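Below is one structure; the comments refer to it alone.
Just so it is clear, none of the values below were taken in a lab; they were calculated from the coordinates. Since the structure is predicted, the reported quantities are computational estimates derived from the model, not experimental observations. As a convention, Cβ positions derive from the backbone with ideal geometry for all residues, glycine included, and neighbour counts pool all protein chains shown.
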Amino acid sequence: MSNEPSDEQRVWQVVALIPVGQISTYGEIAEMAGLGRGARLVGRIMSRLPQGTTLPWHRVINASGRISLPAGSAGYAEQRRRLEDEDVVFIKGRASLRRYRWRP
DNA sequence: GATATGACCGCAA
DNA sequence: TTTGCGGCCATAT
């Protein structure tokens, strides 16, 4: 039988490892999950997460340091609130923390 | 098969 | 710093 984890499974696994209060980007996640330049794939997978998931999806932002959800949307507000609850500071719409980088 | 779309990215100007 | 554009890759039509 195939125990091969799907791309979706690997992305979930990588996102789950992001430490509290730290952030990563779609591109970094794609790279770590072995998807190469599949940043858009990561974005698609994030958009399809089941409600009530325990995954720290809010710690994933784009390469510009900004939240990718439409500004003003409910999703944007929730992601920003969750990050601020973890002491991530926003300045002019950008997360002030240096983005989390994986340690090889 | 061709085209359009998306929680993206890097780079040039 | 911000914008625009090409590149990227899975899905939907």
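Put a plus charge on the Cβ of each Lys and Arg, a minus charge on the Cβ of each Asp and Glu, and nothing anywhere else: the dipole of segment A:50-89 about its Cα centre is then about 160 debye.
When the label point is put 7 Å from the Cα of residue A:40 along its Cα-to-beta-carbon vector, which residues of segment A:63-86 have a backbone N closer than 20 Å? Only A:63-70 fall inside the zone, counting backbone N under 20 Å. Neighbours of residue A:69, meaning other residues whose beta-carbon lies under 13 angstrom from its beta-carbon, give a summed charge of +3 when Lys and Arg score +1 and Asp and Glu score -1. When the charge dipole of segment A:1-87 is built from unit charges on Cβ atoms (+1 for Lys and Arg, -1 for Asp and Glu) and taken about the Cα centre, the candidate among A:55, A:73, A:20 whose Cα reaches farthest toward its positive end is A:73. Restricting attention to segment A:31-89, which trypsin sites (Lys or Arg not before Pro) occupy a DSSP loop and are surrounded by at most 16 other Cβ atoms within 10 Å? Sparse-neighbourhood loop trypsin sites (Lys or Arg not before Pro): A:37, A:48, A:66. Across chain A, C-alpha contacts under 8 Å between residues 6 or more apart give a mean separation that, scaled by the residue count, equals a relative contact order of 29 percent. Length, then width, then depth: along the principal axes, the Cα atoms of segment A:1-101 run 49, 27, 22 Å.
Taking GluC sites (Glu not before Pro) across chain A, the ones in a DSSP loop with at most 16 further Cβ atoms lying within 10 angstrom of their Cβ are A:86. Once the Cβ-Cβ distance of residue A:47 and residue A:9 is raised to the sixth power relative to R0 = 22 Å, the FRET efficiency obtained is 0.85. The relative contact order of segment A:1-45 comes to 35 percent, based on Cα pairs under 8 Å that sit 6 or more residues apart.
Its Cα centre serving as origin, chain A has a Cβ charge dipole (Lys and Arg +1, Asp and Glu -1) of approximately 400 debye.
Of A:68, A:6, the sequence from fewest to most neighbouring Cβ atoms within 10 angstrom is A:6, A:68. When A:49, A:83 are arranged by Cβ crowding within 10 Å, least crowded first, meaning fewest neighbours, the order is A:49, A:83.
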